[in-house]
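Written below as structure tokens is the structure these notes are about.
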Amino acid sequence: MGRVSDRVCIVTGAARGIGRAIGEALLDEGASVCFADITGDAVSEVAEANRSRTDAARVTSAQVDVTDRAQVRAMIAHTVETFGRLDVNFNNAGVNKPMNFMDVTEDNWNFIMGVNGLGCMIGMQEAARQMIAQGTGGKIVNTASIASRQGFDNVAPYCASKFAVVSLTQSGARDLAKHGITVTGFAPGVVATEMWDQVDQDLLEIGAAERPGQAMEEFSSEILKGRVALPQDITGTTTFLASRDSDYMTGQIVMIDGGMTLV
């Protein structure tokens, strides 16, 4: 029996990268999973690919803008209609758009804080409402970052948004404990995903890097494990946070950064 064989899970930002890997690892451990993303066609393709390799009845997908409460409610309603309940909600959707500190605009700030901060809060609230209505407790897991532990000059709004994820995790843990709901999070470091490829290109465009790959190389030089992470390096922890093994944890952020940030 898998570690999450009786769990119904939602993973946002699941069309690629860490989110897709989280969802697929949960499926491999027996969970039923709703893969959700703002790119509906892409996340539908991910769901279809997973139906062909596992029990198709345990897979669904939803298009969602996590900053739109009505869409988040619809995603949860679809999941509950499909699988009967919601046990674990991963608020993983996130964006970044590097800008030099003195060039950060209101639009840049609002875009990043909207998805990473407000989107996380809405996801927590709406998942908690469903779990409270069920009366069976549940788990909420948020994606933070090494950028939630220190500020970096070219991604200030992103850092602020991930600091917000940490505080939302702590606030939610305090408020929702009485309902049997735990709230935890995890903080990846440098992970070889499409998002990092885009960040690398953005840093070149704003003059913060001189050649492709420079940013990842510089960040990677501080990793004690000696290499960047792959999404699969993250999923052992995320499956643990979705399982009963983590039932006595709440309000905590688990660092998964190969030793970049020692806290």
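Structure notes:
- Scope segment 153-178; condition surrounded by fewer than 16 Cβ atoms within 10 Å (Cβ to Cβ) and touching a helix residue (DSSP H, G or I) at 6+ places or on another chain (Cβ under 6 Å); matching residues: D153
- Residue pairs whose Cβ atoms lie under 6 Å apart, separated by 6 or more positions or on different chains, with the first residue in segment 7-24 and under 14 Å from V88 (Cα atoms) and the second part of a loop (DSSP other than H, G, I, E, B) and of a type in the set (S, T, Y), do not occur.
- Criterion applied to A42, A70 was being free of Cβ contacts under 8 Å to residues at least 60 places away in the same chain, in a helix (DSSP H, G or I), under 19 Å from I18 (Cβ atoms) and not β-branched (V, I, T), and the one residue passing it is A42.
- Only residues that are surrounded by 12 or more Cβ atoms within 10 Å (Cβ to Cβ) and either modelled with pLDDT of 95 or more or acidic (D, E) (or both) were counted in segment 244-263, giving 12.
- Of the residues making up segment 143-152, those that are surrounded by 19 or more Cβ atoms within 10 Å (Cβ to Cβ) and part of a loop (DSSP other than H, G, I, E, B) are A144, S145, R149.
- Some residue of segment 134-142 being within 17 Å of R73 (Cα to Cα) and in a helix (DSSP H, G or I): yes
- Flag if T261 is under 29 Å from I10 (Cα atoms), more than 15 Å from the chain's Cα centre (by Cα) and polar (S, T, N, Q): yes
The values are calculated or read from the model by the stated rules, or taken from the named source; none is laboratory data. Here the structure is a predicted model, which means the values were calculated and not measured. Methodologically, a virtual Cβ is constructed for each residue, glycine included, from the backbone with ideal geometry; neighbour enumeration extends over all protein chains shown.
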